[in-house]
Amino acid sequence: MSHQPIKSLHLMTKALLQLNNISLSYGAHKVIKDVELELNEGEIGCLLGSSGCGKTTLLRSIAGFEKPDKGEISLRNQMINDRQINTPPEQRNIGMVFQDFALFPHMSIKKNIAFGLLKQSKERVNQRVSELLELIGLADIADKFPHQLSGGQQQRVALARALAPKPDLLLLDEPFSSLDVTLREQLATEVRKIIKHEGISAILVTHDQQEAFDMADKVGLLHQGKMIQWDTPYNLYHRPASRYAANFIGQGVMLPGKVLTINSIKTELGIIYGTLPEGCRENTPVEILIRPDDIVHDDDSSYQLEITDKIFRGAEFLFTLKINDNSHVLCITPSHHNHAINSLLGIKLDITHSVIFKK
Amino acid sequence: MTDRWQLGILTITLLFAVPVITVFSFVFQGPSDVWNHLVDTVLSDYIVNSLLLMLGVSLGTLSIGITTAWLTSLCEFPGRKIFQWALLLPLAMPAYIIAYTYTGMLDFSGPVQTLIRETFGWGARDYWFPEVRSIGGAMMMLSLVLYPYVYLLTRAAFLEQSSVTLEASRSLGMGPWKSFFAIALPMARPAIVTGLSLALMETLADFGTVEYFGVTTFTTGIFRTWFGLGDASAASQLASILLLFVFVLIVIERFSRRQARYHQHIGHQAHAKRIQLTFKKGWLAFITCLIPLLLGFGLPFAQLSVWTIETAEQMINSDFYTLVFHSLSLAIVTAILALILALFMSYGQRLKNSPVIHLMVRIASMGYAIPGTVIAIGIVIPFAWLDNTVDDWTRSQFDFSTGLLLSGTLFALVFSYLVRFLAVSTGSVESSLGKIKPSMDDAARSMGYKPIQVLQKIHIPIMRTTLLTAVLLVFVDILKELPATLLLRPFNFNTLAVRAYELAADERLADASSAAIMIVLTGIIPVILLSLSITRNFYEPSANQEPSSND
C-alpha cells in the first residue's frame, strides 16, 4: 500500500536511498514483508510503528547488519543489497546512532568521535572533531570519558561520532528512548537542526509519533512488517491511506454515515462532502475520520452536543461529545472555554479534506 | 569473511576432539589379551576404588564446603571477613603435593609420630597410627583441596538469594534455621551440585595422589597399562570407561548450571541480613572455618616452607633455576596461545551466532573435564601414527628418516595443555565478551571497521583485565599439571610438577618441597584474583573461572 511521493516537489532530486521489495524472516516468522521506500538527498525519513512491527529490523537491513531474504537496496545508485550483493556494513558509508548510544567506554569523547575518521591526516581529524564538538555544543568535554557524561550529552556525542565521517546516510535507532521525556522534545529539534546543518540524509526509527513529526520530512508507518504508508507527516495525518493509519496517527473517531450521491455522505452531523472510496454506491455504509480539529467550537451553532468527558491539557480542552448512544466525536477548544460535563457545546464542522472508508 | 571464522572454528574443534575420538575409537576394536587380563584381575578394583573415592570426596567436600559457605555468607562471627576469601587458599595446593607433605608429616619417622613416641616413651609397635597412604587418606587429601569448589559456588548462591524470599518464609511462621533448610539450601542445590561435579571431575582426573598412595584407579591403571604393559589399545579402552564416568558428571554439571539460572536471581534485591552468632557459637564457627583452612593449606604450607629452608643449600642450584625457567616459560607461552584460541573461538561465536558454532565451541572446551592421562593417550596414538607414516614415506621416497616430528616433542605437550585448559580461557573470554553490548560491534562496523579490527580496537582494550586473568589462570593450571606432562614431555625435559613427583616417588619428600612450594606460591595468584572478586561481591556462576586442577 505504498503511497507515491508528491512528484512535483522533488523533480530536481533523485532518490538517494531506494528499497525495493524488501522481505526478511527469522525462521517461519516474517518480520518484513515487501517493503518499498525512497528517500531523497537531504531528507529526514522516519520509520514509525508499534514495537515488533519490524522497523528496527528494516533499519538494520539498510545498515547491513541484517540480510534481507529478498529485495534490493541501493544507495546513491549503487546496489548495496540484492540477490548476489551484500555489502558489509563497514563499506556502506552509512552512519548509525544506537538506542544505547554504544559509546566506546575505553575512549575519550574526542577519540570516540575520531574513531570513524580513518586514513586521514591528524590535522584534518582534529579539525573535524573540534568542528563537531562545536556543533553539538560540548567543546569543553572533549577529554572526558563516556561514563562521565549525562544521557543527553552522550546522545549528542553519539550523533557527532556517526556524523564525523560524513556518511551518505545516517540511521538513528530510537535515539531518544533512553532519555527522559522533557529532554526528548528539546533534543529532537536540536538533532534535526544538526543533521540539516550537515546536509546529511537520515532515517530515524521511533514508536513516538510526536518525535516522528518533530524530526522527519517523510514518515513511513509500519505494521506487522508491512509499509502501510510512506508520506509526509501532513499527509499521514490528514490523508491516511488506510484505516490502520487513520487510527494509529493522531486522535479522532470514525463517524458512520451512508452515501447519498457521488460526493456526499449523510451523517448524524449533517451532510459531509468528499471523494468516496472506489465501489461506493448510493446507501453504501461508510465511515468518515473526524479529527478533533475538524470540529470547531461555536456557541451560536445550531448543533449542540452533550459533553460526556473533558480533559484539561493546559492550552486547550479536549471534549468528548455525544452524538447518540453509539457515536461520539472529539473537539478541541482553547482552554478558557471551560464548559461543564453534561452541558451542551455548540459546534460546527470544518473539514477541509474528508477521509472516508468503506465500512 | 565470516565463513573464514566458521572454517577456523570447525578446524580447531576437530583438532581438539581428536584425543577423545581416538580413545573412543578403540572401543570398537576387539579385546586384546591384556584387556581380557585386566577385566579378569584389576578392572573391578579400578571401578570400586574410583567410586569409593568419589563417594568419600563427595561427603568431604559437601560437608566442609556447605558448612563454611553457610557460615561465611549467612552468619556473622569473628574473622568472617578473612575466612570468606582465605577458605579458598587450599585451591592453590595441588592434591599430589598435599599428599607428599602429609606423608612426610605423618609417617613413622615424621614429626608427629616421633613426638608421640617421645612423649609416651613408646616403641615402634606399642601404638596404632592410621596409615595416610590409603584410600581413606586419598579421600581426605582430595577433600581438603577440592572443597573450595563447593564452597565458592554455594556461597555465591546463598549471597544471590534475595532476603525477600527468606523474609517471606519468616513471615509464614518459619524460624531462621528452619527457613535455611526449607528455602535457602534447596534454592542453592543446583550450585552445590555444580560445585560437587567439578570437584568430582578433579577426583577422577587425579593421578599424583592415588599413584603415590598406591590406590589403583582408572588413571593409574591407564598409566600402568600404557607404560608397564605397552598396550595402547587396552589403555584406551580403560580411558573410554573413565570418560563415561566423566560424561555423566558433565551432563550433571551442565544441567545444574541451567537449573541454577531459574533458582537464583529474582531481581536485584537486598541480601539477606547475616545472623549475629552469640559469643560461644561465634567461636565455634571460627574453629569450624579454621580447621579446613589449617589442614588444607596452613599446615602443609608451613611444612613445605620448613623443608624448603632445610634443603635449600643442596636443592636451590642452577639446575633448579633451569627447571623453574622451563616450567614458567612453557606455561606462559601455552597460556598466551590458549588466550588467542579462546579469543578466536569466542569472537567467532559472537560474529556467527548459530547453534552449530555454539556446539563446536562447547566441544572444543570439553577438555576441562577430561583427565590429563586420557588426553595424553589420545594424543600419543595419532601423533605416533602420523610420525611413522611421514617417516615411512620419506624413507621410501628420499631414503631419509624424519624421526619423530610430533610425539615426544614440546608440540605434543603444548597441544595437550591446550586441549585440557582451553575451557578456562574460553570461559573467561566468553563471559567478558558477553558483557560488551552488541551495539558496540555495530557502531564500529558502521564506522568502517572490519570485524577483526573491531576486535582489536574495541573488544581487546575493553577486556584487557579479563584477558590477563585468563592467561594467569591457564598459566597456573599448566604449572600444576602432572599426568599429561609425565606422559608427553620430551626426553630429559622436566617441569616443577614432574620434578616434585620424581623426588617424592624416590621418598625424597623434603627435597621435593622446593619445586612443590613454587607451584603452591604461583597457585595463590588465582586465589587472590578470586578473593578480590569475592570481596567486591562480584561473581558470575556462568563463567568457567574456577581455577586449578589438582591432577
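Scan region A:34-50 and tell me whether some residue there is surrounded by 19 or more Cβ atoms within 10 Å (Cβ to Cβ), small (G, A, S) and at pLDDT 90 or above. The answer is yes, given that some residue of region A:34-50 is surrounded by 19 or more Cβ atoms within 10 Å (Cβ to Cβ), small (G, A, S) and at pLDDT 90 or above.
Each residue in region B:1-14 was checked for being surrounded by fewer than 16 Cβ atoms within 10 Å (Cβ to Cβ), in contact (Cβ under 8 Å) with a residue 40 or more places away in the chain and aliphatic (A, V, I, L, M), and 2 of them qualify. For region B:60-77, the criterion of being of a type in the set (A, V, I, L, M, F, W, C) and in contact with a Leu (Cβ under 6 Å, 6 or more places away or on another chain) is satisfied by at least one residue.
Assess whether B:T495 counts as being buried (at least 24 other Cβ atoms within 10 Å of the Cβ) and in contact with a His (Cβ under 9 Å, 6 or more places away or on another chain).
Yes.
Do we have B:V57 as away from chain A (no Cβ under 14 Å), farther than 27 Å from B:L290 by Cα and either in contact (Cβ under 8 Å) with a residue 24 or more places away in the chain or not acidic (D, E) (or both) here? So B:V57 fails the test.
Matching residues to (1) of a type in the set (A, V, I, L, M, F, W, C); (2) modelled with pLDDT of 85 or more; (3) at negative phi; (4) part of a helix (DSSP H, G or I):
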position	(1), (2), (3), (4)
B:G267	no, no, no, no
B:W307	yes, yes, yes, yes
B:E313	no, yes, yes, yes
B:V324	yes, yes, yes, yes
B:V333	yes, yes, yes, yes
B:A338	yes, yes, yes, yes
B:A342	yes, yes, yes, yes
B:H358	no, yes, yes, yes
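Taking region A:158-182 as the search range and keeping residues that are assigned to a helix (DSSP H, G or I) and under 26 Å from A:A114 (Cβ atoms), which one is nearest to the chain's Cα centre (by Cα)? Among those that are assigned to a helix (DSSP H, G or I) and under 26 Å from A:A114 (Cβ atoms), it is A:L159.
Applying the set (1) at pLDDT 90 or above; (2) within 11 Å of B:S327 (Cβ to Cβ) to B:V471 leaves exactly one unmet item: (2). Among the residues of region B:332-378, the ones that are under 17 Å from the mean Cα position of the chain (by Cα), of a type outside the set (G, A, S) and within 19 Å of B:L10 (Cβ to Cβ) come to 1 in all. The condition of being of a type outside the set (S, T, N, Q), at pLDDT 90 or above and surrounded by fewer than 20 Cβ atoms within 10 Å (Cβ to Cβ) holds for only one of A:P146, A:P167, that being A:P146. Residue check: B:I525 meets all listed conditions (1) modelled with pLDDT of 90 or more; (2) in contact with a Leu (Cβ under 7 Å, 6 or more places away or on another chain); (3) surrounded by fewer than 24 Cβ atoms within 10 Å (Cβ to Cβ) but one, namely (1). Of the residues making up region A:170-197, those that are within 13 Å of A:L135 (Cβ to Cβ) and either surrounded by 19 or more Cβ atoms within 10 Å (Cβ to Cβ) or of a type outside the set (D, E, K, R) (or both) number 4.
For residues that are in a loop (DSSP other than H, G, I, E, B) and either in contact with a Cys (Cβ under 6 Å, 6 or more places away or on another chain) or of a type in the set (S, T, N, Q) (or both), tally how many sit in region A:113-157.
Qualifying residue count for the region: 3.
Matching residues to (1) within 14 Å of another protein chain (Cβ to nearest Cβ); (2) within 18 Å of A:N21 (Cβ to Cβ):
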residue	(1), (2)
A:K55	no, yes
A:S74	no, yes
A:N86	yes, yes
A:Q91	yes, no
A:F98	yes, no
A:I109	no, no
A:F115	yes, no
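Of all the residues in region B:163-220, those that are of a type in the set (G, A, S), in a loop (DSSP other than H, G, I, E, B) and in contact (Cβ under 8 Å) with a residue 12 or more places away in the chain number 1. Of the helices (runs of 4 or more DSSP H) that lie entirely inside region B:20-115, those containing 3 or more residues that are buried (at least 16 other Cβ atoms within 10 Å of the Cβ) and among the aromatic types (F, W, Y) span B:95-106.
Among the residues of this structure, A:F357 counts as one that is assigned to a strand (DSSP E or B), at pLDDT below 90, in contact with a strand residue (DSSP E or B) (Cβ under 7 Å, 6 or more places away or on another chain) and not aliphatic (A, V, I, L, M).
Residues of region B:476-523 being touching a Ser or Thr at 6+ places or on another chain (Cβ under 7 Å), assigned to a helix (DSSP H, G or I) and β-branched (V, I, T), which ones? Correct list: B:V476, B:I478, B:T485, B:V498, B:I517.
So that you can scan it fast, the table gives a plain yes or no per residue for (1) at pLDDT below 90; (2) touching a Pro at 6+ places or on another chain (Cβ under 6 Å); (3) crowded, with 21+ Cβ neighbours inside 10 Å; (4) under 25 Å from A:I228 (Cα atoms):
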position	(1), (2), (3), (4)
A:D69	no, no, no, yes
A:E72	no, no, no, yes
A:L75	no, no, yes, yes
A:I80	no, no, yes, yes
A:Q84	yes, no, no, no
A:R92	no, no, yes, no
A:M96	no, no, yes, yes
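Do the conditions hold for A:V205, that is, is it free of Cβ contacts under 8 Å to residues at least 40 places away in the same chain and either away from chain B (no Cβ under 12 Å) or outside any loop (DSSP other than H, G, I, E, B) (or both)? No. In summary, helices (runs of 4 or more DSSP H) completely within region B:377-475 and bearing 3 or more residues that are within 14 Å of chain A (Cβ to nearest Cβ) and either under 22 Å from B:Y347 (Cα atoms) or free of Cβ contacts under 8 Å to residues at least 60 places away in the same chain (or both) occur at B:438-446, B:451-454. All told, A:R156 falls short of being facing another protein chain (nearest Cβ under 9 Å), surrounded by 20 or more Cβ atoms within 10 Å (Cβ to Cβ) and closer than 22 Å to B:D442 by Cα.
The values are calculated or read from the model by the stated rules, or taken from the named source; none is laboratory data. Bear in mind that the values here come from a model prediction, so they are computed numbers and not experimental data. Counting neighbours? That spans all protein chains shown, and the Cβs are built from the backbone with ideal geometry, glycine included.
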